[in-house]
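What follows is a short report on a single structure.
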Amino acid sequence: MRPARALIDLAALRHNYRLARRLHGGRALAVVKANAYGHGAVRCAQALAQEADGFAVAFLEEALELRAAGLQHPILLLEGVFSMAELGEVMRHGLWIVVHHEAQIEMLERAAPTAAVNVWLKINSGMNRAGFLPAAATHAWERLRATGKVADITLMTHFARADEPQVITTAEQVARFDAATARLPGARSLANSGGILGWPAARRDWARPGILLYGADPMPEQHHGLEPVMTLESAVMAVREIAAGEPLGYGGRFVAERPTRVGLVAMGYADGYPRAVPDGTPVAIDEEPARIIGRVSMDMLTVDLTGLPDAGIGSRVELWGRRVPVNRVAQAAGTIAYELLCNVKRVRLSYSD
Ligand SMILES: *Cc1c(COP(=O)(O)O)cnc(C)c1O
């Protein structure tokens, strides 16, 4: 069997959830959208089932997958519903919904009166992506109440730059949100991972940790004690020597400056490893630091074994995990850990408790 796999450490996931909940105070919805950022939504939710106050996903189908697996917790749809039919499903399955736009209020107004739904009313406090403008918050809240189909209304907002401790934007968003909602009752939810870790003023009734659950710290320079959950690994499947001056791989991007021992690794961009990484991107081989040389191809990539005489066929290669932070690979690829983790595919997911 091809040795490429993603090892998922569920104890680390629980550690990270507890850390977030303790730091934030109040309750925390574990964000498991996008198949738990590539880690497997059902398995991750089951691993957190004893302690999670609830879960958040992007849309209905993601929530139904958790319900089908027997999870009875509150599950919030972060994008809310897309149609009246979905609203019916939401009520049937006892899901919670974000309402971020007029059309979603209209759906609630038109819906047949059935079980009342818990709504999270999203205020646009400065990200300008989704949500009601601060000036429209009270009117939206009153319209929701008037439908008679809404149980609790939680007030929420989302940060654009919570992972940048040196910029003032997040503090401004908090102030704008507080001003807009000062006269409205109900619980509050402001903080994503960056908000939980970096902005005490954003810690309220409900946290919404996502990326931090998976151990990829959005502010890695601050060392919050998160544990990486995923180890993406494979093995060396062939070794060859190339002479000084010889090219390696597609495009001949890497050219050996000296005789080089090249390890061929069963991992490529079809598995979700980013093609964009340059020569020199870190990996760990049998726990030792090493580097990628040559372009990443669809099913394979190549590493420099010159300084690792004991490494050879069968040597374990960590692409990211405890030795190689996924944030470092993301930086090398010009992207963020979120994207790398969500993109993992084709490899087996192996779980350990
Ligand atoms: C995805 C998402 C989160 C989680 O964000 P992280 O940065 O991964 O912690 C929280 N809230 C909303 C509205 C989201 O869409």
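The values are calculated or read from the model by the stated rules, or taken from the named source; none is laboratory data. Keep in mind that what you see is a predicted model, and the values were worked out from it rather than measured. Using ideal geometry, Cβ is built from the backbone for each residue, glycine included, and neighbour counts are taken over all protein chains shown. Surface areas here come from the heavy atoms of the whole protein model, side chains and all, with no ligands, DNA or RNA. Shrake-Rupley method; radii C 1.70, N 1.55, O 1.52, S 1.80 Å.
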Output for Cβ contacts, cut-off 9 Å, separation at least six or different chains, first residue within 18 Å of Leu78 (Cα to Cα) and open to solvent by 10 Å² or more (accessible area, probe 1.4 Å) in the range 194-211, second part of a helix (DSSP H, G or I) and within 9 Å of the ligand (Cβ to nearest atom), reads Arg208/Ser193; Arg208/Gly195; Arg208/Ile196
Boolean, Tyr273 is open to solvent by 20 Å² or more (accessible area, probe 1.4 Å), hydroxyl-bearing (Ser, Thr, Tyr) and under 17 Å from Trp320 (Cα atoms): no
For the range 1-26, the count of residues that are assigned to a loop (DSSP other than H, G, I, E, B), within 12 Å of Asp53 (Cβ to Cβ) and in contact with a helix residue (DSSP H, G or I) (Cβ under 8 Å, 6 or more places away or on another chain) equals 0
Taking the range 177-193 and the residues there that are closer than 30 Å to Tyr214 by Cα and surrounded by fewer than 19 Cβ atoms within 10 Å (Cβ to Cβ), the one that is nearest to the ligand (Cβ to nearest atom) would be Ala187
With criteria (1) within 19 Å of the chain's Cα centre (by Cα); (2) modelled with pLDDT under 95, Ala52 comes up short on (2)
Flagged in the range 27-52 as open to solvent by less than 20 Å² (accessible area, probe 1.4 Å), of a type in the set (A, V, I, L, M, F, W, C) and either more than 14 Å from the ligand (Cβ to nearest atom) or not in a helix (DSSP H, G or I) (or both), in numbering order, are Ala28, Leu29, Ala30, Val31, Val32, Ala45, Ala47, Leu48, Ala52
